[in-house]
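The values are calculated or read from the model by the stated rules, or taken from the named source; none is laboratory data. On a predicted model such as this, the values are computed, not experimentally measured, just so you know. Every residue, glycine as well, gets a Cβ built from its backbone with ideal geometry; the counts of neighbours run over all protein chains shown.
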Amino acid sequence: MLMELAVAPEQDVESQIDRILRSEELRGSEVLRRLLRFLADKSASGEADDLKEYIVAIDGLGKPSTYDPRYNSAVRIQVGRLRQKLADYYRAEGLHDPIVIDLPKGRFKLKFTHRAIPAVEASGAEASPAAWPAVAAEPAQDSSHAHFPKVMEFPRLVIALIAGVVIALAAGGYYWLRPFHTDATTATYPAGWDADMEDLWRPLVETKRPLILAIEDPLFAELNGSTETYFRDRTLNNWNQVAASPTVAALRTLLKSSAIQPSRHFTSFGEVDASFMIAKLLGPREQSLSVVRTSDFPLRLLADNNVLFVGVENLFFNEQTQAMPIEVQLQPVVEGIRNVHPGPGEPALFVDQYSTAPSEEGYAYALVTHLPGPLRDSDVESFTSSRSAGYVGAVKAFTDPVFVHSLVGHLRQLGGGRMPRYYQVLLRVRFEKEMPTEITYVLARELH
């Protein structure tokens, strides 16, 4: 039986905090240990109700003073992880602890409840000073908005989000992507989710780790001057490359711009469309899903979280895969997808073929890569292509039950009857006006 503590003995609560800090659940995470100690101290002093996300980031997580909660969800992610770790602790090690510590959603104030004990055991207990503040029973606040950063700073992103919602509602559940015609079994699963979908997405949804969706916010050069001009070259993905670019130098001369600066205020409709599809599919099953920009995504998050990435071939994929413990067999390049070890009859390079504006049609290859994190206890999955239509098509394929049924069949055949743990899937996406019209499975590689 649990009872809300009106007055919690200080030494009892301190002992409980110390017990959790030494537990197996938190022993391996210095970040969560520091966060729990910080929130415990603030709860003890009565300051927890006034805590702001920025203060938790700086004082609780040791983030730099430049931390901006509008673009960085580190606090929300780590608070969510701590909440889950506390729940896991009390299901195992702390099953019989006298004091239960919880972190209600939408709050930074710890909640303490006391397990009733038999009177014969309680008779010898001594009263302790009332140093901890009372904790009133309050309903958990809805923090679903906390999982998503504010997007009002991204003008095109806002428009794209609205458009994505309109498209989804207009679709009314109709799947226009149907390259196969075999019906998937849905007897024991909710609509849109079946046994094959479960096999494909299991590593990312059946886990205690938070899931981060990283969307690309490409690097632009903002040319300062009398006109607001932004320049984007998709082959330039770090500022040193932009600053040394002859094309940028020529533009500066032409526009009489004496200075340039990096800008990441824009993203394409493709990223938002793909993100909407992923959130629609995984949202009901993954409560800790959050969205971050790639430029705000530090490498260390790969070790503590499951990650989905959506975007064109860029610096994220190149740098992050170098830190993975598995070598990839297919690599995205500007021209298409490189086949590192071609099999019989396979090309060394799958080349995209399309026309640009005004027609914007042709086909592009899309690569879906599922890898372990740096420590092999997290999962990283990326949807990449040289064109937004490519990775949008790949996401559609991985979220469409009919396509997934055939895709899982290919993967099981590749794994000798079992579903490979890590793999790469190559798809060809035909498109018109940047909209996918046909998605074709090309090949897959199992990674070891």
Exercise. Among the residues of the range 68-76, is any closer than 17 Å to LYS111 by Cβ and within 22 Å of the chain's Cα centre (by Cα)?
Worked result: no
For this session: Please verify whether the range 322-338 includes one or more residues that are of a type in the set (D, E, K, R), in a loop (DSSP other than H, G, I, E, B), in the same structural domain as LEU213 (by TED's automatic domain parsing) and at negative phi.
Result: yes
Exercise. Somewhere in the range 115-123, is a residue charged (D, E, K, R) and either modelled with pLDDT of 50 or more or not in a loop (DSSP other than H, G, I, E, B) (or both)?
Worked result: yes
Exercise. Which condition does HIS96 not pass, out of (1) surrounded by fewer than 17 Cβ atoms within 10 Å (Cβ to Cβ); (2) under 22 Å from the mean Cα position of the chain (by Cα); (3) in a loop (DSSP other than H, G, I, E, B), if it passes all the others?
Worked result: (2)
Exercise. Which one of VAL242, VAL272 is part of a helix (DSSP H, G or I) and either assigned by TED's automatic domain parsing to the domain that holds LEU211 or among the polar types (S, T, N, Q) (or both)?
Worked result: VAL272
For this session: Give just the number: which of (1) assigned to a helix (DSSP H, G or I); (2) without any contact (Cβ under 8 Å) to a residue 60 or more places away in the chain does VAL425 not satisfy?
Result: (1)
Exercise. Which one is surrounded by the most Cβ atoms within 10 Å (Cβ to Cβ) among residues in the range 275-297 that are at pLDDT 85 or above and part of a helix (DSSP H, G or I)?
Worked result: ILE278
Exercise. Does the range 344-354 hold any residues that are in a loop (DSSP other than H, G, I, E, B) and either surrounded by 15 or more Cβ atoms within 10 Å (Cβ to Cβ) or aliphatic (A, V, I, L, M) (or both), and which are they?
Worked result: ALA348, ASP352
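Conditions tested, residue by residue: (1) modelled with pLDDT under 85; (2) under 19 Å from ARG209 (Cβ atoms); (3) in contact with a His (Cβ under 8 Å, 6 or more places away or on another chain).
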{"residue": "GLU4", "(1), (2), (3)": "yes, no, yes"}
{"residue": "ARG33", "(1), (2), (3)": "no, yes, no"}
{"residue": "GLY94", "(1), (2), (3)": "no, no, no"}
{"residue": "PRO98", "(1), (2), (3)": "no, no, yes"}
{"residue": "PRO104", "(1), (2), (3)": "no, no, no"}
Exercise. On the given criteria, is ALA48 in the same structural domain as LYS105 (by TED's automatic domain parsing) and modelled with pLDDT of 85 or more?
Worked result: yes
Exercise. Just checking, which of ARG178, ARG234, ARG202, ARG209 is basic (Lys, Arg), under 25 Å from SER378 (Cα atoms) and either in contact with a helix residue (DSSP H, G or I) (Cβ under 8 Å, 6 or more places away or on another chain) or modelled with pLDDT under 85 (or both)?
Worked result: ARG209
For this session: Hey, can you tell me all the residues within the range 366-417 that are surrounded by 21 or more Cβ atoms within 10 Å (Cβ to Cβ) and of a type in the set (S, T, N, Q)?
Result: THR369, SER378, SER382, THR384, SER385, SER386, SER388, THR399
Problem set entry | Positions within the range 22-73 being touching a residue at least 60 places away in the same chain (Cβ under 8 Å) and aromatic (Phe, Trp, Tyr), in sequence order | TYR71
Problem set entry | All positions within the range 355-384 that are hydroxyl-bearing (Ser, Thr, Tyr), closer than 18 Å to ARG300 by Cβ and part of a strand (DSSP E or B) | SER382
Exercise. Take the residues of the range 8-46 that are surrounded by 15 or more Cβ atoms within 10 Å (Cβ to Cβ) and in a loop (DSSP other than H, G, I, E, B): which is farthest from the chain's Cα centre (by Cα)?
Worked result: PRO9
Exercise. Only one of (1) exposed (fewer than 14 other Cβ atoms within 10 Å of the Cβ); (2) outside any strand (DSSP E or B) fails for TYR230. Which number is that?
Worked result: (2)
Problem set entry | Selection from the range 47-57 of residues that are surrounded by 18 or more Cβ atoms within 10 Å (Cβ to Cβ) and either part of a loop (DSSP other than H, G, I, E, B) or at positive phi (or both) | LEU51
